[in-house]
Amino acid sequence: MSESPVQADFESIWSEIKLLLDWNQGFGFYLVFGDDHRVSRRLQQRIEDATRLRSHLLQRVRPEAAEAAVEVVLKAAFPEGEDRRFHDWRAPLWIDLTTGPDDQAWEAARQQTLAALNRSRSALEKDCPRPLFLQLPEAMAPAVVTWAPDLWSIRQFVAVLPHDDRIYVPAEAIDVKTFREEAVESSLKAERFHQEGALLSALESAREVVERFRVLRASVGDTPQTLRDLSVSLERLGDVELDAGNLLAATAAYRECLELDRLRRMRQGDTPQVLRDLSISLQKLGDVQCEAGNLSVATEAYRESLELCRRLRTSLGEIPQALRDLSISLHKFGDVEREVGNLPAARAAYRESLELIRQLRVSLGDTPQALRDLSISLDMFGDVEREAGNFPAAAAAYRESLELRRQLRASLGDTPQTLRDLSVSLDRLGDVERQAHHLPSATVAYCESLELSRQLRASLGDTPQVQRDVSVSLNKLGNVERDAGNLSSAAAAYRQSLKLNRQLRASLGDLPQALRYLSISLDTLGDFEGEVGNLPAATAAYRESVEIRRQLRASLGDIPQALRDLSVSLNRLGLVDRKAGNFPAAMEAYRESLELSRQLRVSLGDTPQTLRDLSISLKALSDLEAETGNLAAAEAARLESQELLAQLERVSTEPPPAPDIGQSP
C-alpha cells in the first residue's frame with residue numbers, strides 16, 4: 001500500500017514535532033489546529049508513545065464547560081498539590097479547546113483562555129518545565145496572532161492537521177474483500193516490526209490494524225469472521241503494548257479481546273475454536289495482570305482458562321493440541337499460585353502439567369517441540385521445589401531439563417534458541433546448587449551459561465535480548481563469587497553487568513523494562529558495595545536506583561510492581577544510610593517505603609507478599625527508631641511487624657522474612 005497524501009502530511013508534521021521534542025527537554029509551546037479528532041488522537045498517541053520511552057506520560061485536558069475553561073487550563077499549566085506530579089514528571093500537556101467550534105460561548109471561552117495564557121507567557125517559560133500543546137479549531141488559525149501575540153512569539157511549532165479519510169471511510173463505501181486483504185497485510189507488517197524490536201512502528205501498525213477491522217465489523221456486521229479478526233488484532237496489539245511496558249493499554253486491548261470472544265461464544269456456541277480462543281484471551285489478561293501485580297484478577301482469569309482447557313480435553317480427547325493447551329494453562333495457574341505463596345497448589349499444577357507433557361512425549365516421540373516443552377515443564381517444577389526448600393528434588397528436575405536441552409543442541413545444532421535454552425537451564429541448576437551451598441558446582445554451571453551467552457552475543461551482535469542474557473549470567477556469576485569470598489571477581493562481574501544494562505538503556509531508550517533491568521543491576525552492585533564496607537559507592541548505586549524507580553512510577557502509574565520496586569529500593573537506601581550514620585536520611589527512606597507497603601496492602605489485600613513486605617518495612621523502621629532513642633515508636637512498629645508475621649504464617653507456606661534484609665524484586 002502506497003502512502004497517501006494525507007498520511008504524508010501527517011508524517012511530516014510528526015517528524016518535525018518529534019525532532020523538537022528530542023532537542024528540547026523543557027518548556028515548548030506547540031499550536032495545533034485541526035477539526036478531525038481521529039487525526040489529533042493519532043498525533044497525541046504518537047507523542048505519548050515517544051515520550052513514554054523517556055517515561056513521561058501525556059496529560060490530556062479538555063474543559064467540559066465553557067465558563068470553566070480559563071480556570072481548568074491555568075490549573076493544568078500551573079498545578080498545585082497532587083497535580084504537580086505531572087510537572088515533576090515533565091509530562092507533556094495537551095489542552096484541547098475544540099469543543100463547540102461554532103458555539104458562541106465556546107468561542108468566547110477560547111479567546112479568554114488565549115488571553116489568560118498570553119498574560120502568563122513569562123510564567124510559562126519560567127515555571128512550566130514541559131511541552132504544552134494547545135489544540136484549537138482550524139478556523140481560529142488566522143486570529144491567534146492577534147488575540148495572543150506574546151504567546152505566538154514563543155511558539156515552537158504550528159501544525160495544521162489534515163483531514164484523514166484513509167482508514168475512516170464510510171462502512172458502505174468499502175470493498176470488503178480488498179479492505180480485509182489490506183488489513184491482513186498491515187497485520188503482517190506489524191508482526192515484523194514487533195519481531196524486530198521496532199516497538200513504536202509496531203504500535204502504530206497494530207493500532208491501524210485494529211481500526212481497519214473495526215471498519216470491517218461496521219460494514220458487514222458481527223459475522224464470525226469479523227469478530228475473530230477484530231479479537232485477534234486486539235490480542236496482538238495487547239502483546240505489543242505489553243512489551244512496550246504500556247500495561248494499562250495492554251489491559252484495555254486484552255479486555256476488549258476477551259469481551260469479543262465471550263460474544264462469539266454466546267452467538268456461535270461452545271465450538272472448539274471459540275473455546276480455545278476464549279481460553280487464550282483469558283490467559284493474556286492473566287499475563288498482564290500478573291505483570292502489573294494484580295494477582296487476584298490474574299488468578300481468576302487463569303482459573304477460568306484452565307476450566308475451558310479441561311473441557312476441551314474432555315470433548316476432543318487426548319489429542320496433542322488439547323493436551324499441550326491444558327499443560328500451558330496449568331503452568332500459568334501454577335505460576336500465579338506460586339506468586340501468592342500457595343506452594344502446594346502450585347506444585348500440584350506443575351506436577352499435572354509435567355505428567356501431560358510426558359504423555360505427549362510418549363505419543364509424539366522425541367520431537368524438538370516435545371523435548372523443549374518437557375524441559376520447560378521440568379524447570380517450572382524445579383522452581384516450586386526450590387522455593388519450598390526441597391533442593392534435592394529441584395536439582396533432579398533441573399538436571400533432567402538440562403540433559404534434554406543438551407539433547408536438543410546435539411540434534412538441532414547451535415541455533416539461538418537451543419543455546420539460549422541451554423544457558424537458562426544452566427542458570428537454574430546453578431541457582432539451586434548455590435542455595436544448597438554447593439558453590440563449586442554452581443560456579444561451573446554459571447560459567448558454562450556465561451560462555452553460551454557470550455557465544456550468542458558473538459553470533460547475533462548486541463541485540464537487547466543478548467545483552468540482557470549476558471548481564472544476567474554475569475550477575476549470577478558475581479553472586480557465587482561473592483559467596484566464595486572472591487570479592488574482586490564478584491565486583492568485576494557486577495560492574496560488567498551494570499555496564500551492559502546501561503548500554504541496553506542507551507539502545508532502547510527509557511523503556512520501562514530497560515529501566516527496571518538497570519535498577520535491579522544497581523541494587524545488586526549496591527548490595528555488594530555495602531557488604532564490603534564501601535558505603536559511599538553503595539549509597540550512590542541505591543540513589544540512582546531509587547531515581548529510576550521514581551521515573552518508572554511516573555511512567556507506569558501506581559501499579560503494584562512499580563510501587564513495590566520503589567519500596568524495595570528505598571529500604572536498601574535506608575539501610576546503607578543507617579550504616580553510614582545518616583539517620584535523618586535513613587528515616588525518610590524507611591518511612592516512604594513503609595507508606596508504599598501500606599498502599600500496596602490496601603490495593604492488593606493481605607497476600608503473603610504484601611504482609612511480608614510490610615513486616616520488613618516495619619522491622620527496619622523499628623530498629624532505626626530504637627537506635628535513635630524513639631523507644632515508644634520502635635515498640636509500636638515492632639509489635640505491628642510481629643502481628644503481621646503471625647498472620648503471614650497462617651496464610652502462607654513460605655517462611656517469614658529474615659531480619660535486617662531488604663525485599664528482593
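The values are calculated or read from the model by the stated rules, or taken from the named source; none is laboratory data. The structure displayed is predicted, hence computed values, not measured ones. Glycine also receives a Cβ, built like all others from the backbone with ideal geometry; neighbour counts cover every protein chain displayed. Calculation scope for accessible area: heavy atoms of the full protein, side chains included, ligands and nucleic acids excluded. Shrake-Rupley method; radii C 1.70, N 1.55, O 1.52, S 1.80 Å.
Annotations
- Considering residues of the stretch 517-567 that are among the β-branched types (Val, Ile, Thr) and open to solvent by 10 Å² or more (accessible area, probe 1.4 Å) only, the residue nearest to Asp577 (Cα to Cα): Thr539
- Scanning the stretch 61-82 for residues that are over 21 Å from Gln104 (Cα atoms), part of a helix (DSSP H, G or I) and not aliphatic (A, V, I, L, M) turns up Lys75, Gly81, Glu82.
- Considering residues of the stretch 1-50 that are of a type in the set (Asp, Glu) and outside any helix (DSSP H, G or I) only, the residue least open to solvent (accessible area, probe 1.4 Å): Asp36
- Helices (runs of 4 or more DSSP H) completely within the stretch 360-446 that count 3 or more residues being over 30 Å from the mean Cα position of the chain (by Cα), under 26 Å from Glu337 (Cβ atoms) and in contact (Cβ under 8 Å) with a residue 12 or more places away in the chain: 391-412
- Identity of the residue in the stretch 325-359, small (Gly, Ala, Ser) and assigned to a helix (DSSP H, G or I), that ends up farthest from the chain's Cα centre (by Cα): Ala348
- Taken over the stretch 558-584, the criterion of being in a helix (DSSP H, G or I) and without any contact (Cβ under 8 Å) to a residue 12 or more places away in the chain is satisfied by Pro584 alone.
- Thr178 farther than 30 Å from Leu216 by Cα, open to solvent by 10 Å² or more (accessible area, probe 1.4 Å) and at pLDDT below 90: no
- Asp270, sole failed condition from (1) assigned to a helix (DSSP H, G or I); (2) more than 11 Å from Lys332 (Cβ to Cβ); (3) open to solvent by 40 Å² or more (accessible area, probe 1.4 Å): (1)
- The lone criterion from (1) under 27 Å from Ser12 (Cβ atoms); (2) open to solvent by 30 Å² or more (accessible area, probe 1.4 Å); (3) at pLDDT below 90; (4) out of contact with any Gly (no Cβ under 8 Å at 6 or more places or on another chain) left unmet by Ser219 is number (1).
- Candidates Glu451, Glu355, Glu403: the one that is of a type in the set (D, E, K, R), surrounded by fewer than 16 Cβ atoms within 10 Å (Cβ to Cβ) and closer than 28 Å to Arg310 by Cβ is Glu355.
- Residues of the stretch 608-632 that are open to solvent by 30 Å² or more (accessible area, probe 1.4 Å) and out of contact with any Pro (no Cβ under 7 Å at 6 or more places or on another chain): Gln609, Asp623, Ala626, Glu627, Thr628, Gly629, Asn630, Leu631, Ala632.
- Of all residues in the stretch 447-470 being hydrophobic (A, V, I, L, M, F, W, C) and in contact (Cβ under 8 Å) with a residue 40 or more places away in the chain, the one that is nearest to Val480 (Cα to Cα): Leu456
- Answer residue from the stretch 454-465, given it is surrounded by 13 or more Cβ atoms within 10 Å (Cβ to Cβ) and modelled with pLDDT of 90 or more and is nearest to Pro416 (Cα to Cα) among those: Leu456
- Within the stretch 116-163, restricting attention to residues that are in a helix (DSSP H, G or I), among the aliphatic types (A, V, I, L, M) and open to solvent by 10 Å² or more (accessible area, probe 1.4 Å), the residue that is nearest to Val32 (Cα to Cα) is Ala141.
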